[in-house]
Amino acid sequence: MSDKCHLCLLGLIFLSSLLTGTSGLDETDVFISSGENVHLPCNNALPDCKSTVWIYRRIRNVSGVELISLGIKKKDTKSHERLSLGSDCSLNIKNVKKEDYGYYSCQQWTEVNGQYQKQANDARVYLHVLHVSSSSSQTEISPGSSVSLSCQLYSSYGVSYEDSGRSEGIDLFWVNQAGVKLPISVSRYQISAPGHCIISLTTTLLNEDDNREWRCNVTHRDQLQTSATYTVKISGEKTIS
């Protein structure tokens, strides 16, 4: 496609996003843990994906970044090396990062009499990324030391008025090795939730915590969506407990 046609298509995409708003959209929620690969469905795809355009926005109703243009991956985006277009026109993202959260819109544009026209409604995917981090920069921690883990869901829910209601029903919590939710009342663990989409866990490490996976789960309307883990390694001479 010529540069002139491409600029025309970009202008049409931007104008269409302003005019259509959110009515009639096909919306899907996808929850994923950072570091994993994710598949974002395009539920309005036409055959061969040559009409497919993927647009990314961090916040709803703002000018987006074009990731895929008429089935061809753009090379001037920060994430282009991790992106690929599936045979079903889905958007595949490798090694998801917490910064990847936001809105992904799949659109279909076809050329009619030399002009590109948008077909059907957007298929929008809300990507939510769960990430666990440690307060310690060390990869190995000695027994008896205190460690604090933070579990955060990076999501655009609640950022805008239109999405405030969609954030209802999201719950973050820590579980033990058996998958049972850790109660806040247990003295060994100090659990706090300073925000709606963040929960922290502080504990003093024991010998048996060596190579243990600390797991954080996220549920949406009581359905488990994904989990993220952090493995702690005990260093130095272990004490007798």
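The values are calculated or read from the model by the stated rules, or taken from the named source; none is laboratory data. Fair warning: this is a prediction, and the values are worked out from it, not measured in the lab. Cβ: placed from backbone, ideal geometry, glycine included. Neighbour counts: every protein chain shown.
Some points to look at:
- Failed item in (1) among the charged types (D, E, K, R); (2) touching a Phe, Trp or Tyr at 6+ places or on another chain (Cβ under 8 Å); (3) at pLDDT 90 or above, with Asp163 passing the rest: (3)
- Of all residues making up segment 169-212, the number that are exposed (fewer than 15 other Cβ atoms within 10 Å of the Cβ) and in contact with a Pro (Cβ under 6 Å, 6 or more places away or on another chain): 1
- Close pairs from segment 199-214: first more than 19 Å from Leu130 (Cα to Cα), partner of a type in the set (D, E, K, R), Cβ under 7 Å, at least 6 apart: Thr203/Arg188; Asn207/Lys238; Asp210/Lys233; Asn211/Lys233
- Residue match in segment 69-80 (condition: surrounded by 14 or more Cβ atoms within 10 Å (Cβ to Cβ) and under 28 Å from Thr219 (Cα atoms)): yes
- Residue within segment 76-83 that is outside the structural domain of His220 (by TED's automatic domain parsing) and at pLDDT 95 or above present: yes
- Whether a residue is among the aliphatic types (A, V, I, L, M), in a strand (DSSP E or B), modelled with pLDDT under 80 and under 17 Å from Cys151 (Cα atoms) was assessed, and Val218 does not pass this test.
- Spans of strands (runs of 3 or more DSSP E) in segment 17-132 with at least 3 residues among the hydroxyl-bearing types (Ser, Thr, Tyr): 102-112
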